[in-house]
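Notes follow the structure.
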Amino acid sequence: MRQWGMLLFTLLTSATELFLFRHLSLTEGLNSISFYVSTWIPVTGFFLILILLTGKANILLREAILNNFLVKTFVSKSCDAIGGILTFAALSKASVAHVYSLDSLQPVMTNLVAFVAVRALGLNLRETKQNFTVLQRH
């Protein structure tokens with residue numbers, strides 16, 4: 001049931017974000033980078049404050065350093081940001097339905113980026129099995 005809740009949450013937030021950008025792009029001339037930055041800086045700040053208030057910062061920092069998580073996260077989130085900016089740029093020229101009809105190509109593109117990351121950048125994208133979780137109590 002939890003997975004369906006997350007799917008519904010993602011659907012609602014994504015649809016809201018996409019249609020809001022489409023509206024602001026057409027009516028106010030807002031560009032994709034401005035919308036992306038003004039949307040995700042407050043969200044990132046909120047989660048950073050939440051991590052600090054719950055006392056999980058030390059656990060996350062330790063794991064980030066021990067497992068070279070920072071480099072992997074930087075590469076991953078950079079790709080997410082580029083994809084988001086390109087999606088918003090496409091939305092300023094086409095409808096939401098037209099842009100997301102190409103969403104079926106995302107797995108192919110993800111595998112292509114992973115292939116380049118492994119071959120060209122020499123990154124090890126294999127995940128190690130660990131019992132660590134952010135919700136783990138110490």
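What to note about this one:
A quick yes/no check of all residues on (1) outside any helix (DSSP H, G or I); (2) of a type in the set (S, T, N, Q); (3) touching a residue at least 60 places away in the same chain (Cβ under 8 Å):
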residue: E63; (1), (2), (3): no, no, yes
residue: F74; (1), (2), (3): no, no, no
residue: K77; (1), (2), (3): no, no, no
residue: G83; (1), (2), (3): no, no, no
residue: L86; (1), (2), (3): no, no, no
residue: A90; (1), (2), (3): no, no, no
residue: A97; (1), (2), (3): no, no, no
residue: Q106; (1), (2), (3): no, yes, no
residue: M109; (1), (2), (3): no, no, no
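- Failed condition for V108, given (1) loosely packed, with under 10 Cβ neighbours inside 10 Å; (2) at pLDDT 75 or above; (3) over 18 Å from the mean Cα position of the chain (by Cα); (4) more than 26 Å from S38 (Cα to Cα): (3)
- Test result for R22, part of a helix (DSSP H, G or I) and without any contact (Cβ under 8 Å) to a residue 60 or more places away in the chain: no
- If you go through the stretch 27-37 and keep only what is surrounded by 11 or more Cβ atoms within 10 Å (Cβ to Cβ) and without any contact (Cβ under 8 Å) to a residue 40 or more places away in the chain, you end up with L30, S34, V37.
- Hits in the stretch 1-19 (condition: in a helix (DSSP H, G or I) and more than 19 Å from V99 (Cα to Cα)): R2, Q3, W4, G5, M6, L7, L8, F9
The values are calculated or read from the model by the stated rules, or taken from the named source; none is laboratory data. Please read these numbers as outputs of a predicted model, since none were measured by experiment. As a convention, Cβ positions derive from the backbone with ideal geometry for all residues, glycine included, and neighbour counts pool all protein chains shown.
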